[in-house]
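**Q** Below is the structure I would like to discuss, written out as structure tokens.
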Amino acid sequence: MSYILAFESSCDDTSVAVLDTDYRIYANLISSQPQHLEFGGVLPELASRLHMQNILKLCELSLEKAELELDDISAIAVSINPGLIGSLIVGLSFAKSLAWAKSVPLITVNHLLSHIFANYIDHPGLHAPFLALVVSGGHTEMIHFRRETEFEVVGKTLDDAAGETFDKAAKLMGLGFPGGPILDKLAHNGDPDFVRFPRALAQKDNFNFSYSGVKTAIRSYLHNQSTDFIQKHQADIAASIQAAIVDPLIDKSVRIARQLQLKCILLAGGVAANSALRTKLSQKAEHYGIHVYYPSLQLCMDNAAMVAAAAIPKYKAGLFSPLDVNAFSQKGTKLL
Ligand code: KG4
Ligand code: ZN
């Protein structure tokens, strides 16, 4: 059996995992950084320093939990883009030094794509071709995977991301952060047709998304209502906002999956936790014989098990990185 030791440090979670090449998890430890809370956002320099403090201990604990030695490891995996550059460099430098010291291959992966491969852990037997719908705070993309190591972006947002829109709307309603889970919960008891917010780029042949118009429409709607009214109709407004954000995701992903004759859609990213998106997308896709997969909630958040999962197809294909590879912060799915 071959084992992969994986590292994730792209933002404010340090994580180290051990998986075998059948996607079985032996350890997946995460150390989050509450130190940023008092600043109201992630401080990049502080994040890098905390990754440096945590990574060695987490690595030791992961191997201990997996009941393995470094000598049992067949390859080292690490996410190198996108993310905070200082944070990425900590994980990459650590991974490189282990790969060099133990003379094992280094496998570098894209953090965003690794969210997709979390599905491979939860749903054994999954394989390409498939459509991936990646929806997070910073990204909204549809990606066609012909093979696990060969993909093409077939649609993406032209402006704001879906998660960002949830967060902004919740903020405008005076709710907390992150807004997605709060609106999701409120929307359970609301009427999605209470307010009809616009759905941008609704033309049948358009597979891109746009959320800036929806954001403006939400802002001006809320601006014109009294605080009492918003308070009283919180659930209905939340459900209407949620529908405006998730409807285009559902329509476009099912439409392009049908056009490309794909039989499965893999959901990934923080917004994949949204209950309306999960249920409505599954129902609509199922109607056309397309099955929707999403990761378990604990694998939806940043973790190193998903980094290992994205590295496994590359390990099997012998797609390794040289030890002088660099991390980069650029958004998107440029590199697997
Ligand atoms: O992938 P992710 O954890 O991280 C980044 O993008 O950095 O995604 C975070 C986003 C936030 O915008 C949050 O509001 C959204 O995912 N989110 C949700 C839900 N849970 C998290 N959005 C809608 N419904 C949810 N249940
Ligand atoms: Zn992430």
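**Q** Net charge near His233: determine it from the other residues with C-beta under 13 Å of the C-beta of His233, scoring Lys and Arg +1 and Asp and Glu -1. Intermediate values should be presented prior to the final figure.
**A** Working: positive: Lys232; negative: Asp191, Asp193, Asp228, Asp236.
Net local charge, His233 excluded: -3.
**Q** Take the alpha carbon atoms of the range 166-181, find their center, do the same for the range 1-50, and report the distance between the two centers in whole angstrom.
**A** That distance is 26 Å.
**Q** Please report, largest first and rounded to whole Å, the three semi-axes of the ellipsoid equivalent to the chain, where each semi-axis is the square root of five times an eigenvalue of the C-alpha gyration tensor. Mind dumping the intermediate values first?
**A** Numbers: eigenvalues 257, 108, 52 Å².
Equivalent-ellipsoid dimensions as semi-axes: 36, 23, 16 Å.
**Q** So, in the range 127-297, how many Lys pairs have Cα atoms under 21 Å apart, if the pair is 8 or more places apart or on different chains?
**A** 26
**Q** Which translational diffusion coefficient, to the nearest whole µm²/s, is obtained for the range 127-297 from the Stokes-Einstein equation, given a Kirkwood hydrodynamic radius over C-alpha pairs, 10 °C and 1.306 mPa s? Show your work: numbers first, answer last.
**A** Numbers: Rh = 16.2 Å.
Translational D for this selection: 98 µm²/s.
**Q** Does the range 167-238 come out rounded, prolate or oblate, given a ≥ b ≥ c as the square roots of the eigenvalues of its C-alpha gyration tensor, rounded meaning a/c under 1.5 and, failing that, prolate meaning a/b above b/c?
**A** On the way: a/c = 1.79, a/b = 1.67, b/c = 1.07.
Prolate is the answer for the range 167-238, as a/c is 1.5 or above and a/b outweighs b/c.
**Q** Can you give me the span-like helices of the chain, meaning DSSP H runs with 24 Å or more of Cα extent along the axis and Kyte-Doolittle mean at or above -1.0? Mind showing how you got there, number by number?
**A** Working: long enough: 44-66 (31 Å, -0.04); 85-102 (25 Å, 1.16); 234-259 (38 Å, 0.32).
The qualifying helices are 44-66, 85-102, 234-259.
**Q** While we're looking at this one, here's another question. With a sphere of radius 12 Å drawn around the Cβ of Ala118, what net charge do the other residues whose Cβ falls strictly inside it have (Lys, Arg +1; Asp, Glu -1)?
**A** On the way: positive: none; negative: Glu8, Asp122, Asp302.
Net charge around Ala118: -3.
**Q** So, R0 is 35 Å and r is the distance between the beta-carbons of Ser329 and Lys284; what FRET efficiency does that work out to, to 0.05?
**A** Values: r = 35 Å, r/R0 = 1.01.
That pair, Ser329 with Lys284, gives E of 0.50.
Where a number appears in this text, it was derived from the coordinates with a stated rule and is not lab data. Treat the numbers as computed from the prediction; the structure is a model and nothing was measured. Note: ideal-geometry Cβ built from the backbone for every residue, glycine included; neighbour counts use all protein chains shown.
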